[in-house]
Amino acid sequence: MRNEFFRYLAAAALLLPVFAMPVSCSKDHVRDSIEGRIKVSFPEEMYKAALEHFELPDTNDFILDIENSAGESVYSGCYGDSPEIITVPSGSYTVKVRSFDFGRPQFSRPQFGDEQCVVVPADGEMKVKLECRQINSGIRLKISPDFLKAFPEGVLFVSSGEGRLMYGYSEKRIAYFNPGAVSVVLEDGGVSRTLVTRTLRSQEILTLGIYVSDDILEEDPGCLSISIDTARIWNDESYVIGGSDEDKGNTFENALSVNQARASIGDRDVWVCGYITGGDLGKSSISFSPPFASRTNIAISARSTASGREACLSVSLPSGDVRDALNLVDHPENLGRRIYLNGDIVESYFGLTGIKNVSDYVLK
């Protein structure tokens with residue numbers, strides 16, 4: 001009987017692996033338990049908003065790339081050709097979409113798209129909503145007439161490590177670059193000179209105004225004032241080449257020139273020097289000769305003979321002694337006189353860089 005019992009145990013031991021196999025995980029079961037899903041969508045409202053201002057390809061033609069944490073491609077191709085749901089091993093993934101491939105700098109070539117890092121859970125679904133926003137950066141130059149006089153043979157370039165573009169004096173287009181350092185380079189008389197370098201971020205459009213300092217134009221035409229006028233992402237800064245301007249504007253003897261004032265938007269309680277050249281400011285007009293009708297504003301410029309709106313700064317005359325002394329209705333004889341004004345430099349007053357809150361003046 002005892003021998004029969006041991007023979008029964010031995011037979012059961014041989015059969016145990018057979019009965020146990022269905023309990024263990026098969027390869028397919030292991031794979032299913034660690035897989036997840038990615039579902040990519042492209043909100044049409046954001047695309048349509050961008051389409052109102054830029055010429056863009058259809059969203060189905062945007063380039064979609066999905067990579068795992070090791071940099072291996074899961075999908076690469078047109079967004080319109082991608083599966084609605086992509087099954088992947090659980091883990092982290094980078095999902096990128098772009099309107100086209102962008103490399104070397106190009107004019108009028110904004111690149112739109114998005115990039116997101118997502119974590120796909122096991123047995124779960126990660127919904128990725130891609131945005132349609134500008135992902136490269138741009139720069140444009142506003143070149144003053146004084147610059148053309150000082151460098152009639154000069155050629156300007158906008159440049160990065162990926163290439164450069166010649167920026168003609170009459171050029172109005174935006175030059176687009178990948179985010180990073182972008183320089184403005186002047187080539188004149190066989191000499192190449194970097195005027196200014198800025199690090200641009202994704203989505204940033206930077207407008208650089210390039211001026212020659214009024215005070216030193218005749219003495220040293222090589223001195224330039226580089227100003228940042230406006231940007232989609234605002235940069236409140238200025239850059240001056242050719243000398244230190246740390247104390248500029250502190251006193252009327254050391255007043256900012258008209259062009260330097262354009263580079264100093266946001267500065268408060270500073271002195272600015274120019275010539276009274278007009279009044280009766282409107283949104284698109286200035287009167288340069290009497291009779292004048294408005295006592296509340298005047299225009300000043302770098303030259304007493306200026307007769308163009310673009311050459312002027314607008315000035316708001318506050319009620320009181322300042323208005324009484326400087327308005328052109330009561331004092332047309334002030335036209336053409338040199339003036340020093342103490343006030344705040346604002347981005348726009350009647351559509352021009354302007355001076356407000358004038359607290360003091362010196363008239364010569």
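The values are calculated or read from the model by the stated rules, or taken from the named source; none is laboratory data. Note that this is a predicted model, so its numbers are computed, not measured. Glycine also receives a Cβ, built like all others from the backbone with ideal geometry; neighbour counts cover every protein chain displayed. What goes into the accessible areas is simple: the full protein's heavy atoms, side chains included, and nothing from ligands, DNA or RNA. Shrake-Rupley method; radii C 1.70, N 1.55, O 1.52, S 1.80 Å.
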*asked:* As an exercise, use a Förster radius of 25 Å and the Cβ-Cβ distance of E35 and D61 to find the FRET efficiency, rounded to the nearest 0.05.
replied: 0.25
*Give the cross-link partners of K39 among the lysines, using a straight C-alpha distance below 22 Å as the criterion and excluding same-chain residues fewer than 8 apart.*
K48, K96, K127, K129
*Would you kindly state how much longer the chain becomes between T94 and R303 on full extension, computed as 0.36 nm times their sequence separation minus their alpha carbon distance, in nm to one decimal?*
69.5 nm
_Listed residues R309, R303 arranged by accessible area, highest first, probe 1.4 Å_ = R303, R309
*Of T199, T59, which has the most accessible area and how do the rest follow, probe 1.4 Å?*
T199, T59
_Tell me the accessible surface of E162 in square angstrom (1.4 angstrom probe, heavy atoms of protein chains only), to the nearest ten._
80
*asked:* On a straight-distance basis, which lysines could pair with K283 in a cross-link, Cα separation under 17 angstrom, same-chain partners fewer than 8 positions away excluded?
replied: K356
*asked:* Ordering Y275, Y211 by accessible area with a probe of 1.4 Å, largest first, what comes out?
replied: Y275, Y211
*Length added when fully stretched, N357-V118, from 0.36 nm per residue minus Cα-Cα*: 80.9 nm
*Would you mind putting 111-119, 166-174, 201-209 in packing order, based on average other-beta-carbon counts within 10 Å, highest first?*
201-209, 111-119, 166-174
*So how do 184-190, 92-98 stack up, highest first, on mean other-Cβ count within 10 Å?*
92-98, 184-190
*Cα gyration tensor of segment 126-219, axes a ≥ b ≥ c as square roots of the eigenvalues: rounded (a/c below 1.5), prolate (a/b > b/c) or oblate?*
prolate
*Straight-line reach from K149: which lysines have a Cα under 22 Å away, not including same-chain ones fewer than 8 places off?*
K172
_Computed lengthening from R104 to K129, 0.36 nm per intervening residue step minus Cα-Cα distance_ = 6.1 nm
